[in-house]
1. Could you please find all residues in the range B:39-52 being under 24 Å from the mean Cα position of the chain (by Cα) and at the interface with chain A (Cβ under 7 Å from one of its Cβ atoms)?
2. Within the range B:228-299, which helices (runs of 4 or more DSSP H) (wholly inside it) include 2 or more residues that are at pLDDT below 95 and surrounded by fewer than 17 Cβ atoms within 10 Å (Cβ to Cβ)?
3. Quick check on the range B:109-123. Is at least one of its residues assigned to a helix (DSSP H, G or I) and within 21 Å of the chain's Cα centre (by Cα)?
4. List every residue pair whose Cβ atoms lie under 8 Å apart, where the two residues are 6 or more positions apart in sequence or sit on different chains, the first residue falls within the range B:26-42 and is assigned by TED's automatic domain parsing to the domain that holds B:T199, and the second residue, located anywhere, is crowded, with 20+ Cβ neighbours inside 10 Å.
5. Name the residues in the range B:20-38 that are within 11 Å of chain A (Cβ to nearest Cβ) and either of a type in the set (K, R) or within 18 Å of B:T158 (Cβ to Cβ) (or both), would you?
6. Looking only at the range B:60-99, which residues are part of a loop (DSSP other than H, G, I, E, B) and at pLDDT below 95?
7. Return yes or no: is A:R147 closer than 30 Å to B:K52 by Cβ, away from chain B (no Cβ under 14 Å), touching a residue at least 12 places away in the same chain (Cβ under 8 Å) and in contact with a strand residue (DSSP E or B) (Cβ under 6 Å, 6 or more places away or on another chain)?
8. Could you tell me which residue of the range A:1-47 is farthest from A:L158 (Cα to Cα), considering only residues that are acidic (D, E) and modelled with pLDDT of 95 or more?
Amino acid sequence: MSPTTRMQTPEIPDAETALAALAERMRPAVAFDAAFVGIYSGGAWIADRLAKMIPGEHPVGYIDVSFYRDDYARTGLKTGTKRSELPFDVAGATIILVDDVLYTGRSVRAAINELFDYGRPERIELAVLVDRGGRELPIDATYCGARLAVARNLSIVLAKDGERLRFGVENVAGG
Amino acid sequence: MSRAADIVRNPQLNIDGQLTHLLTLEGLPEQVIRNILDTADPFVSITEREVKKVPLLRGKAVFNLFFENSTRTRTTFEIAAKRLSADVINLNIGVSSASKGETLLDTIDNLVAMDADIFVVRHAQSGAPHLIAQHLNAHGRRDVHVVNAGDGRHSHPTQGLLDLYTIRHYKKDFHNLTVAVVGDVLHSRVARSLIHGLTTLGTPEVRVVGPKTLLPSKVESLGVRVFHNMAEGLRGCDVVVMLRLQSERMKGTLLPSAGEYFKHYGLTPDKLALAKPDVIVMHPGPMNRGVEIDSAVADGDRSVILPQVTFGIAVRMAVMSIIAGN
């Protein structure tokens, strides 16, 4: 990373602190039997963690939104698409969709569309570790661990050191 | 082989080395084949959902151009395209334009003018899908894609891919496997595609088993071991792929009779017992029971012939969604 990039790097919150704050906000509000569905890959890690931190019986599922993305015509199908796994009945379920970074809202739109192809959920809420603004669709998080403002040319990426979550910042070409 | 050399040899790859047509598995880089198999995996799970469709090819038109009849292959391509939300147009060319004297490429130009996005081509002439792909590439129509659904004796890449997917599904990887391809290898585009795929993915032992008259003369050059004795060919195999014996072959001088063929090369429970206990038996269909395969094997617990059909739809979804995006 060049020195100029480092100077532009914003104050990124600690991912574990953000996760604790997110769980704190969810604890009093989340239904006892709500299912947690993480969007691959960062959201899947968070969904696993949250399901243990929030009281109740929470089935955990994972969703890969590649088949529902709106940029397929421009960028094609990305490699490494995973199976979506929803090991519970979506019809009538209360679902907490979980993602690492909420930005344009397009992944969430794709995920909601995919969920409806499994059945009609009773309710869908959205939990994100960090909301960086910059929405391009009328979508908002129900629960949010931290908020920050980041320049458009920077990408916030969640990584895992063993079990510990950590945010990194990457420069996006042409961003 | 370098990426640049791949592109020169392969009209099916674009300038970035990505798959833009699927014409043959011969010379296709390993990571391209693995990417198709990996991508097919999430498509398999779509069939378990309430809505068995994804919106990837919404608004795209897939033209099934079958110059040679094949209800089964055409149907699986049609289902695959519809599950990707594409519009599907089936053309039985054998009985329309070709009989009026229109050339193949004139037919293609007309269909491109009707905004075709993908051509699925079955043709009795080897190389017909290549010709179409090169024609589109030469005329700057990189946005129109071709899938070979079987050309002459040459190639049937989606069948080869679904065979590879099936083997990987049951055996996890290719690096320790012995695979036997049994029967009429000479006339089989399925066998050729599968052998290329197996060797590219690092299968240590690929065998072809059959009478001399039904094996190509220089078949060893494909990197296979040749067996004329069925028992020897099957011994210790992890996978046995039976080929269809086309009835027209029996009318000529290649074979004495169907009964004689079954006696030597038909897969019976006794012969299969020579393979490994966890062997899987595959067949591209349609089967001739009592000619190349005994019903007790075809319907037995080692048979994965019907799962092959299911996986075939997912593999074709993967191929179409990859090429249409590149």
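The values are calculated or read from the model by the stated rules, or taken from the named source; none is laboratory data. The shown structure was predicted, so the numbers you read here are calculated from the model rather than taken from an experiment. No Cβ is skipped: glycine too gets one built from the backbone with ideal geometry, and neighbour counts run over all protein chains shown.
1. Listed by number, the residues that qualify are B:T39, B:D41, B:P42, B:S45.
2. So the answer is B:247-251, B:258-265.
3. Scanning the range B:109-123, I find no residue that is assigned to a helix (DSSP H, G or I) and within 21 Å of the chain's Cα centre (by Cα), so the answer is no.
4. Correct list of pairs: empty, since none qualify.
5. Across the range B:20-38, the qualifying residues are B:T20, B:V32, B:R34, B:N35, B:I36, B:D38.
6. Listed by number, the residues that qualify are B:F67, B:E68, B:N69, B:S70, B:N92, B:S96.
7. no
8. Per the criteria, the residue is A:D33.
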